[in-house]
There are 2 protein chains.
Amino acid sequence: MNLLVTLNANYIKPLKVMLASLFYNNAHRTFTIYLMHSSLTEDEVAGLAEWVGERGHRLKEVKVDPGCFKDAPILFHYTVEMYYRLLAWKFLPKDLDRILYLDPDILVLNPVDPLDDLDMDGYLFAAAYHDIISITEINRIRLTPYKIDAYYNSGVLLMNLARLRERIREEDIYEFVDTMKKQRIKLIMPDQDIMNMMFNPEIKNLDEKIYNYDARYYQYYKLMSGGECDMDYVIRNTIFLHFCGKKKPWKENYSGKFHALYKHYEKMAIG
Amino acid sequence: MNLLVTLNANYIKPLKVMLASLFYNNAHRTFTIYLMHSSLTEDEVAGLAEWVGERGHRLKEVKVDPGCFKDAPILFHYTVEMYYRLLAWKFLPKDLDRILYLDPDILVLNPVDPLDDLDMDGYLFAAAYHDIISITEINRIRLTPYKIDAYYNSGVLLMNLARLRERIREEDIYEFVDTMKKQRIKLIMPDQDIMNMMFNPEIKNLDEKIYNYDARYYQYYKLMSGGECDMDYVIRNTIFLHFCGKKKPWKENYSGKFHALYKHYEKMAIG
C-alpha cells in the first residue's frame, strides 16, 4: 500500500510511533511511504529512510520546492504547506492511482486491508467526519454560506489520485482561497476547511469509529453506540485512532484513555 | 526462568494475557511455567500447554491432590488452595532453587532480567508492598498484635525454594493457622496474611513501582514521586503491572488508565 505523510522536523518522533503501530498491526504487508516536505534536512530524511528500511518497508522522498507555490495566495499566518494535501496529486508519481494520507498523530490498531477494496468511483477523497454535536454545529455555522452536511476530518484521507488529476486544477484552488480572503471568511484549519468547502459532495463517507476514531471521545462513542463501541471494540476494530486536538500523547501531562497504549507503541518505535 | 502460576478454569484467559505480555517483552529468553492446580481438566491443561508451546516456551503441570492437605485446618469458606503459595516448595522439583510466582491479573511490561541476579541470601521471599497510606494502616490495625512494618503483596513473589525447604515445616504453617482460628483473627486474604504474619522479616523488599505497580494508583505514584513516575516511566521501567482489587480489566465496564493497554495484550493473547 502507498502512504503519504507530510511533516516538519517536530513531527519525526510521532511519525515513527504511527508507523511502528502500522507495521506491527500489518505484519502481512509492505508499505511505500511518500514523505512530502520542504524543510527536513538530508540527514533527517536519511535517518527516517533507514529506520523504515530496517523494518522492511520503503521511504520515498517528495521534496517540494516552495517556489512551486509562487502563484498561491497566502492566508494570514499560514505557510504554503497548507496546500500540500490539496495538491499532493501534483507531486506524486503519475502512475499512482490512490494513496492513503495519514496525520502523524495517529495510532494504527488493525489491518488496513479494507481500504484496498474501497470503491472510490466518482469520489475524490474518502474520509470520516466526527459526529460530535458541537463539532458539527460549530463548523456548520462557521463556514456558512457553504453548505456542509458533514465536516470531514482530513487526518485520514484516502485520495483518488487518478480522479483528482482529472477533476482539479491548481488555479481553481488558488482562486477559491482568494475569494475566501476577499470575503474575509476566517479559516481555522485551512486545508481541511478548503477541502470541505470545495469538495464536500465528492468525499466518500467512512465510519469514524473505524477510520478516524477521535481519542478524546471514548465515553461519547460508547454511549452513542449503546455500549457496543467499548474498549474491546476499539482495540479489535478501530483502524485509525486519532489524537485530535491540542493535547498530544507524546507531550508531558497528557492524560487520556489511550495514554498507556500510545506510550507502548512509542517504546516500540524509538526504544 | 522458572515461573509458577496457580489457577482454576476461570483464570485461563487472564493467564494467557499475562503470559503473552511476558513473552512479548522478554523475546530474548525462554520460560518454563509450572502450572499448579487441582481442578483443571486434562483438556484445559493440554490446551494451555499447546498454547505455551506454540510460543516457544514450556508448560509443566503440577497437579495437586487435595488429599495432600488432609492435616490442614480449614479457615472459614476458604479452600485448601490458600496453601498453594505457602507450600509450593513441597510440590516443585527438588532441583529448582528459585521460582517466580505471578498472579494472572498482571501485565509484564519489561524484561524480567533484573530478577536473575537478585541476591536472596537469608530471605525466603522477595516481594513489594503497596505503600498507599490507607492499605498500610488498615493492615497494621487489622493484623495487630502481629508486628508488620510492611504488608507485602503476594501477587509477585520470588521464592527462594532452597531456603524455604530448609526453613519451613508444613506443620508450622498448620499450627499457625490453628492459632489464628482460636484467636478468632479474621484473615481477609489468607495466604497473603499468613505470609506476612509468619515471615515478614524474611521477605526482601522490592520497589513496588517496578515489581508490583498497583494499576489503580497511577496518580498517587506520579504525585509521590514528584512527577518522575509518569506514564513514560511505567511503560519503560515497570516490570509487573498488577490489576489489584475487584475491578478487573477483562470484565465489562472496567475503566482505568491501563484499560487500552490490557485489551491490546488480550488481543495478542487470544486473537
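The values are calculated or read from the model by the stated rules, or taken from the named source; none is laboratory data. Everything numeric in this text was worked out from a predicted model, so none of it was measured. So basically every Cβ, Gly included, is an ideal-geometry build from the backbone, and we count neighbours across all protein chains shown.
Some notes on this structure:
- Segment A:80-99 residues that are free of Cβ contacts under 8 Å to residues at least 40 places away in the same chain, paired with ones that are of a type in the set (A, V, I, L, M) and not in a loop (DSSP other than H, G, I, E, B) (beta carbon under 8 Å, 6 or more apart): none
- Each residue in segment B:48-58 was checked for being basic (Lys, Arg) and assigned to a loop (DSSP other than H, G, I, E, B), and 1 pass.
- Residue within segment B:101-112 that is surrounded by fewer than 19 Cβ atoms within 10 Å (Cβ to Cβ), in contact with a strand residue (DSSP E or B) (Cβ under 6 Å, 6 or more places away or on another chain) and either modelled with pLDDT of 95 or more or assigned to a loop (DSSP other than H, G, I, E, B) (or both) present: no
- Among the residues making up segment B:235-271, those that are among the basic types (Lys, Arg) and part of a helix (DSSP H, G or I) are B:Arg236, B:Lys263, B:Lys267.
- Remark: B:Tyr221 falls outside the filter, which requires a residue to be free of Cβ contacts under 8 Å to residues at least 60 places away in the same chain, farther than 23 Å from B:Asp113 by Cβ and of a type in the set (Phe, Trp, Tyr).
- All told, A:Met189 falls short of being more than 14 Å from every other protein chain (Cβ to nearest Cβ), crowded, with 18+ Cβ neighbours inside 10 Å and at pLDDT below 95.
- Selection count where residues are touching a residue at least 60 places away in the same chain (Cβ under 8 Å), polar (S, T, N, Q) and surrounded by fewer than 21 Cβ atoms within 10 Å (Cβ to Cβ), scope segment A:9-25: 1
- Meets criteria (surrounded by 21 or more Cβ atoms within 10 Å (Cβ to Cβ) and not in a helix (DSSP H, G or I)) for A:Val5: yes
- Pairs where the first residue, in segment B:196-212, is in a helix (DSSP H, G or I) and the second is basic (Lys, Arg), C-beta under 8 Å, 6+ apart: B:Asn200/B:Lys147; B:Glu202/B:Arg167
- Among the residues of segment B:211-249, those that are surrounded by 17 or more Cβ atoms within 10 Å (Cβ to Cβ) and among the hydrophobic types (A, V, I, L, M, F, W, C) comprise B:Ala215, B:Cys229, B:Met231, B:Val234, B:Ile235, B:Ile239, B:Phe240, B:Leu241, B:Phe243, B:Cys244.
- Among the residues making up segment A:150-166, those that are in a strand (DSSP E or B) and over 9 Å from the mean Cα position of the chain (by Cα) are A:Tyr152, A:Met159, A:Asn160.
- Of the criteria (1) surrounded by fewer than 19 Cβ atoms within 10 Å (Cβ to Cβ); (2) in a helix (DSSP H, G or I), which one B:His28 fails: (2)
- Yes/no for B:Ile138 being out of contact with any Gly (no Cβ under 6 Å at 6 or more places or on another chain), outside any helix (DSSP H, G or I) and either crowded, with 16+ Cβ neighbours inside 10 Å or at pLDDT below 90 (or both): no
- Every condition in (1) surrounded by fewer than 23 Cβ atoms within 10 Å (Cβ to Cβ); (2) more than 8 Å from chain B (Cβ to nearest Cβ); (3) not basic (Lys, Arg) holds for A:Tyr265 except the one numbered (1).
- Count of segment B:220-258 residues which are within 13 Å of another protein chain (Cβ to nearest Cβ) and either of a type in the set (Asp, Glu) or in contact with a Gly (Cβ under 6 Å, 6 or more places away or on another chain) (or both): 4
Yes/no matrix, rows are residues, columns are (1) assigned to a helix (DSSP H, G or I); (2) surrounded by fewer than 21 Cβ atoms within 10 Å (Cβ to Cβ); (3) of a type outside the set (Phe, Trp, Tyr):
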{"position": "B:Ile33", "(1), (2), (3)": "no, no, yes"}
{"position": "B:Ala46", "(1), (2), (3)": "yes, yes, yes"}
{"position": "B:Lys60", "(1), (2), (3)": "no, yes, yes"}
{"position": "B:Ala72", "(1), (2), (3)": "no, yes, yes"}
{"position": "B:Phe76", "(1), (2), (3)": "no, yes, no"}
